[in-house]
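Single-structure report; data block below.
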Amino acid sequence: VQPQINARLLAVLRMMGMGSDDFVTRTTGCPNGCARPYMAEIAFVGSGPNAYQLWLGGSPNQAERTAVATSIFKMKFEDLEATVEPIFAMWRSQRNSPTEALGDFCHRVGVPVVEEFMAAYEPGAWKGMAPAFPPPPAVETPTATVGVASDLLVKIEEEASARGLDAPSLLDMIVREALEG
């Protein structure tokens, strides 16, 4: 189930232009804690067939603190996206630095405040909420051109959009990482 959850979480992040953000997530089928879900920044703990408890606020290094149980004890598996979208929207719009981890954010504001935000949130409302830290500015106007196959360019543009960037900025990042390490 974890690979499915990861893919679905990433799809929500990408939809919201947060495809470059990451966090520690864990899932377990029961509350025994064998997969150490209580250490994760966001965790899904089995509470019945296709139902999960939601835990938030664990330390990103999984050492300083454990997550806190929310009041969501029977989240249906099919409700995953609707459950996490408001959490991600709040994190996106209220984080205190561009690198504030999801677990640190949830711990700082507190699970009751996150739950209050979730209760008032309307699906898709993130589109009208400015990110606390907009993506870095686009690279300067290119001084040279590079040929890229049109099908690859479409993929680059899609990936850049999912990360809140433009295609030249993403290509610049990829090339610099490849050449400079």
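The values are calculated or read from the model by the stated rules, or taken from the named source; none is laboratory data. Treat the numbers as computed from the prediction; the structure is a model and nothing was measured. FYI the Cβ positions are ideal-geometry reconstructions off the backbone, even for glycines, and counts take in every protein chain you see. Ligands, DNA and RNA are excluded from the accessible area calculation, which covers all protein heavy atoms including side chains. Shrake-Rupley method; radii C 1.70, N 1.55, O 1.52, S 1.80 Å.
Below is a table of values for the structure above.
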item: Normalised contact order of the chain, rounded percent, pairs of Cα under 8 Å and 6 or more residues apart; result: 19 percent
item: Segment 1-94: C-alpha gyration tensor shape, a/c 1.5 cut-off, then a/b vs b/c; result: oblate
item: Cut-off under 5 Å, modelled amide H: who pairs with Ser47 long-range; result: Tyr52, Gln53
item: Fraction of accessible area attributable to carbon and sulfur, the chain (%, probe 1.4 Å); result: 58 percent
item: Gain upon complete extension [Ser150, Glu100; 0.36 nm per residue less C-alpha separation]; result: 14.4 nm
item: Exposure ranking of Phe23, Phe73 by accessible area [1.4 Å probe, largest first]; result: Phe73, Phe23
item: Other-chain or far-sequence residues with amide H under 5 Å of Val68's (modelled H); result: Leu56, Gly57, Gly58
item: 222 nm mean residue ellipticity, helices alone, for the chain (DSSP H n ≥ 4; -39,500 (n - 2.57); rounded to 500); result: -13000 deg cm²/dmol
item: Cα gyration tensor shape for segment 54-137, rounded if a/c is under 1.5, else prolate or oblate; result: oblate
item: Nearest-20 debye value, segment 15-153 charge dipole, Cβ charges on Lys, Arg, Asp, Glu; result: 340 debye
item: Correct option for Rg and Dmax of the Cα atoms in Å [calculated from the coordinates] among (i) 22.6, 71; (ii) 16.1, 50; (iii) 18.1, 58; result: (iii)
item: Overall form of segment 12-60 per C-alpha gyration tensor (a/c, 1.5; a/b vs b/c); result: oblate
item: Calculated from backbone phi, Karplus (6.51, -1.76, 1.60) coupling profile of segment 167-181 in Hz, x at Gly/Pro; result: 4, x, 5, 5, 4, 4, 4, 5, 5, 4, 4, 5, 8, 9, x
item: Solvent-accessible area per residue for segment 54-93 (1.4 angstrom probe, square angstrom); result: 41 Å²
item: Residue-level accessible surface for Cys30, protein heavy atoms, 1.4 Å, Å²; result: 50 Å²
